[in-house]
Amino acid sequence: MFPELNNLLNTTPEGAEQGKLTLLCDAKTDGSFLVHHFLSFYLKANCKVCFVALVQSFSHYNMVGQKLGVSLTTARERGQLVVLEGLKSAVDIFFRPQEEPHPLQFLREANAGDLQPLYAFVRDALEPVDCGEAAWRCPVLLVDDLSVLLSLGVGPVAVLDFVHYCRATVCREWKGNVVALVHDSGDAEDEESDVLLNGLSHQSHLILRAEGLATGFCKDVHGQLRILWRRPLQPTTPRDRSLTYQYKIQDKSVSFFAKGMSPAVL
Amino acid sequence: MAAAGTCGTGTRSTGSMVAAASTNNVTSFQRRGPRASGADSGCSRLVSIAGTRPSVRNGQLLVSTGLPALDQLLGGGLAVGTVLLIEEDKYNIYSPLLFKYFLAEGIVSGHALLVASAKEDPADILQKLPAPLIDDSYKKECDEDVCSHKMEPDIKMKIAWRYQLLPKMEQAGPVSSSRFGHYYDISKRIPQELIETSKWHGFFLPEKISSAFNVESCSLTPGYMKLLQFIQNIIYKEGFDGSNPQKKQKNILRIGIQNLGSPLWGDDICCTENCDTSHSLTKFLYILRGLLRTSLSACIITMPTHLIQNKAVIARVTNLSDTVVGLESFIGSEKETNPLYKDYHGLIHIRQIPRLNNLIYDISDVKDLAFKLKKKLFTIEGWRKCLSFPLEIS
């Protein structure tokens, strides 16, 4: 996790909020550093994490996690972390059809139906078990990322249904958190992506949006992060709070600074 | 250990060694070092594959794209287990060159090749590869070799005397070289002997699709389906995914797919904006990524993205590829007559570079890049008109 980002979000691993949906989104840049942050944050917060890793291999997340101070392999062995390795499972189910329902069952179907098997996987992974020993703090579902499901033929409404089911179970019932990354296609006129992004933005409590700089590539400032705190579904709400920072990604951390205050400029 | 020492990031190697040793399957992102499969943890077995080198930044295994200038722009080379997507130029004149460089580099390095095309027979593609170029610095070494060879009367060498000039390397095979990145002479064809000693597999769509196949309801066009099965078959049979622990000598599989997405592959994504098979290409790329990440292979794909009507698909394709390089040729555009560009044939855009096992990535400072096809070489130069000389990349 990045300590500076924790300060900006006003959270610590010990005092993490519960029952929240956090939306991570990136536009014209790579927002995967946010996924690494939340993964290591919740592992350090002693939460049980279900990580649906659809875009990269497990060893990629593991290596970055080690730089941030968590070992994913140890967490997995301890039972704290359940990982669905999307790439490996996709190859398995694509070339060797399985009998029992597989979380990525939709890959074999001509018209991708719904994500029911994937939701069943998440539910089984995060179900609180009463075994008497010290339980984990709260269940957390982390998805990297939801936009790739659109590329694989799942409709945006099916993805929204999946998130809704997960929110109802993980956030409401089990008082856990859900964090998901979605790509904003910007001016690429991707209607499905827009439907998904708008739908999720309305439901989220916290939106972190990483944007590339409007002026193009810069060596010292890699992008801009917009943080938006929301209170969804409440009629009388104080105005949503929003902050904007610029950031630079380094080898083991990310440094944040106010707009125009990059150390390279000052 | 020696492998980690060479890449210069020794301080972080021990941590990832633990991670690497505890997994049983081969992922292409493991550091070179003792594997869980029966390696003696006492001795450091230097497992090095010809034609590869670890990245300076994170020890990631890299292969050369065949163009040393492009290797530099991509941070040292193409990472094993990833896809290099070349967005074709408008008339498909320059992208086949990059495709051929990649394959030629594979032959010279002794890698296995898998060439897939819907337009041209892979055997013909291999015939037209450029010949490797011997530069001056090598000639000095080779002169000594030639002298020593004169001792033994070798009749074969008298006829194929050019082979004496090739550097003598310790690897198996007469022409596999342990050097990383070679230069090629496009005006000459690759010697027939090099092709014959190389291990290659061809996938020519018209041949494969004519045979009867059982229709799988999978929303992938039959051409892509067959290609994926072919690739998976080769990876599994030849042991590139580490499934065959008996194989001592590990090798890289270089996959080249030409004109992916064009109508010849049975995909109408380049013909209409809303097509039935709109998810076929992206699904193919996803499954391909899954295959590559779990094997010692690297893939180059050329794609006519300028023909794809739906911009959303281009964005998705970019997200599902690792490294994306776009070629823009000046032919037929107003830039052809623009005096600023008179020395060049087109622009190269590095659209995406992957962050692998890292938060950061290597990125070149030079952003405006132009290419030029000289009689024998394809060169890339950083283009700046404010300087009095062009920045030569390599």
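Residues are listed down the side, and each one gets a yes or a no for (1) within 14 Å of chain B (Cβ to nearest Cβ); (2) in contact with a Ser or Thr (Cβ under 9 Å, 6 or more places away or on another chain); (3) of a type in the set (Asp, Glu); (4) farther than 15 Å from A:Arg137 by Cβ:
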| position | (1), (2), (3), (4) |
| --- | --- |
| A:Glu4 | yes, yes, yes, yes |
| A:Leu8 | no, no, no, yes |
| A:Thr22 | no, yes, no, yes |
| A:Cys25 | yes, yes, no, yes |
| A:His37 | yes, no, no, yes |
| A:Lys44 | no, no, no, no |
| A:Gln56 | yes, yes, no, yes |
| A:Ser59 | yes, yes, no, yes |
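Within the stretch B:323-334, does at least one residue satisfy the condition of being within 14 Å of chain A (Cβ to nearest Cβ) and either modelled with pLDDT of 90 or more or under 17 Å from B:Ile257 (Cβ atoms) (or both)? Checking the stretch B:323-334: at least one residue is within 14 Å of chain A (Cβ to nearest Cβ) and either modelled with pLDDT of 90 or more or under 17 Å from B:Ile257 (Cβ atoms) (or both). Only one of the numbered conditions (1) modelled with pLDDT under 80; (2) in contact with a Lys or Arg (Cβ under 7 Å, 6 or more places away or on another chain); (3) under 18 Å from B:Phe180 (Cα atoms) is violated by B:Pro34, and that is (3). The requirement of being within 14 Å of chain A (Cβ to nearest Cβ), buried (at least 17 other Cβ atoms within 10 Å of the Cβ) and at pLDDT 55 or above is fulfilled somewhere in the stretch B:20-27, by at least one residue. For B:Leu340, the criteria (1) in a helix (DSSP H, G or I); (2) within 14 Å of chain A (Cβ to nearest Cβ) hold in every case but one, which is (2). For the stretch A:61-92, filtered to residues that are at the interface with chain B (Cβ under 10 Å from one of its Cβ atoms), over 30 Å from A:Gln250 (Cβ atoms) and out of contact with any Ser or Thr (no Cβ under 8 Å at 6 or more places or on another chain), the residue that is surrounded by the fewest Cβ atoms within 10 Å (Cβ to Cβ) is A:Asp92. Within the stretch A:112-126, the set of residues being in a loop (DSSP other than H, G, I, E, B) and modelled with pLDDT of 90 or more comprises just one member, A:Leu115.
Each residue in the stretch B:298-308 was checked for being among the polar types (S, T, N, Q) and either under 25 Å from A:Val91 (Cα atoms) or within 11 Å of chain A (Cβ to nearest Cβ) (or both), and 1 of them qualify.
From the list B:Ile186, B:Ile195, B:Ile209, the lone residue that is touching a Pro at 6+ places or on another chain (Cβ under 8 Å) and at pLDDT 85 or above is B:Ile186. Taking the numbered list (1) closer than 27 Å to A:Leu104 by Cβ; (2) surrounded by 17 or more Cβ atoms within 10 Å (Cβ to Cβ); (3) within 14 Å of chain B (Cβ to nearest Cβ) in turn, A:Gly212 passes all entries but (1). Listed residues A:Asn177, A:Asn198; which is away from chain B (no Cβ under 14 Å), at pLDDT 90 or above, within 30 Å of A:Leu118 (Cα to Cα) and in contact with a Lys or Arg (Cβ under 8 Å, 6 or more places away or on another chain)? Matching residue, one of A:Asn177, A:Asn198: A:Asn177. Among the numbered conditions (1) free of Cβ contacts under 8 Å to residues at least 24 places away in the same chain; (2) in a helix (DSSP H, G or I), the only one that A:Val129 does not meet is (2).
Residues are listed down the side, and each one gets a yes or a no for (1) over 16 Å from the mean Cα position of the chain (by Cα); (2) surrounded by 22 or more Cβ atoms within 10 Å (Cβ to Cβ); (3) under 24 Å from B:Thr197 (Cα atoms):
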position: B:Gln60; (1), (2), (3): no, yes, no
position: B:Val63; (1), (2), (3): no, yes, yes
position: B:Ala79; (1), (2), (3): no, yes, no
position: B:Leu84; (1), (2), (3): no, yes, no
position: B:Asp89; (1), (2), (3): yes, yes, no
position: B:Asn92; (1), (2), (3): yes, no, no
position: B:Ser117; (1), (2), (3): no, yes, yes
position: B:Glu120; (1), (2), (3): yes, no, yes
position: B:Asp124; (1), (2), (3): yes, no, yes
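Of all residues in the stretch B:280-292, those that are assigned to a helix (DSSP H, G or I) have Cβ atoms under 7 Å from Cβ atoms of residues that are surrounded by fewer than 24 Cβ atoms within 10 Å (Cβ to Cβ) and among the basic types (Lys, Arg), 6 or more apart or on another chain, in B:Gly290/A:Lys88.
Summed over the stretch B:224-241, residues that are closer than 16 Å to B:Gly256 by Cβ, assigned to a helix (DSSP H, G or I) and among the aromatic types (Phe, Trp, Tyr) total 2. Annotation note: Cβ proximity below 8 Å between a residue of the stretch B:222-240 that is farther than 13 Å from B:Lys283 by Cα and a residue that is of a type in the set (Ser, Thr, Tyr) and modelled with pLDDT of 90 or more (sequence gap 6+ or interchain) occurs for B:Ile235/B:Ser295; B:Ile235/B:Ser297; B:Phe240/B:Ser295; B:Phe240/B:Ser297.
Considering each of A:Ser89, A:Ser71 in turn, give the residue that is modelled with pLDDT of 90 or more and under 18 Å from A:Val140 (Cα atoms).
Only one candidate passes the filter, namely A:Ser71.
For (1) within 26 Å of A:Phe58 (Cβ to Cβ); (2) away from chain A (no Cβ under 14 Å); (3) of a type outside the set (A, V, I, L, M), each residue gets a yes or a no:
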residue: B:Ile234; (1), (2), (3): yes, no, no
residue: B:Glu238; (1), (2), (3): yes, yes, yes
residue: B:Leu260; (1), (2), (3): no, yes, no
residue: B:Asp268; (1), (2), (3): no, yes, yes
residue: B:Glu273; (1), (2), (3): no, no, yes
residue: B:His279; (1), (2), (3): yes, no, yes
residue: B:Leu296; (1), (2), (3): yes, no, no
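Within the stretch B:52-64, is there a residue that is under 29 Å from B:Leu307 (Cα atoms) and assigned to a loop (DSSP other than H, G, I, E, B)? Yes, the stretch B:52-64 contains at least one residue that is under 29 Å from B:Leu307 (Cα atoms) and assigned to a loop (DSSP other than H, G, I, E, B).
Is it true that A:Asn111 is more than 19 Å from A:Gly176 (Cβ to Cβ), away from chain B (no Cβ under 13 Å) and either among the basic types (Lys, Arg) or surrounded by fewer than 20 Cβ atoms within 10 Å (Cβ to Cβ) (or both)? When the stated conditions are applied, A:Asn111 does not pass them. Of B:Lys376, B:Lys385, B:Lys367, all but one fail to be modelled with pLDDT of 80 or more and either in contact with a strand residue (DSSP E or B) (Cβ under 8 Å, 6 or more places away or on another chain) or more than 23 Å from B:Tyr183 (Cα to Cα) (or both); the exception is B:Lys376. For A:Leu149, the conditions (1) on the phi > 0 side of the Ramachandran plot; (2) within 14 Å of another protein chain (Cβ to nearest Cβ) are fulfilled apart from (1).
Out of A:Val140, A:Val129, one residue alone is more than 8 Å from chain B (Cβ to nearest Cβ) and either within 30 Å of B:Gln229 (Cβ to Cβ) or surrounded by 16 or more Cβ atoms within 10 Å (Cβ to Cβ) (or both). It is A:Val140.
The values are calculated or read from the model by the stated rules, or taken from the named source; none is laboratory data. Only a predicted model underlies this, so the values are computations on that prediction, with no experimental measurement involved. Virtual Cβ from ideal backbone geometry, glycine too; neighbours counted across all protein chains shown.
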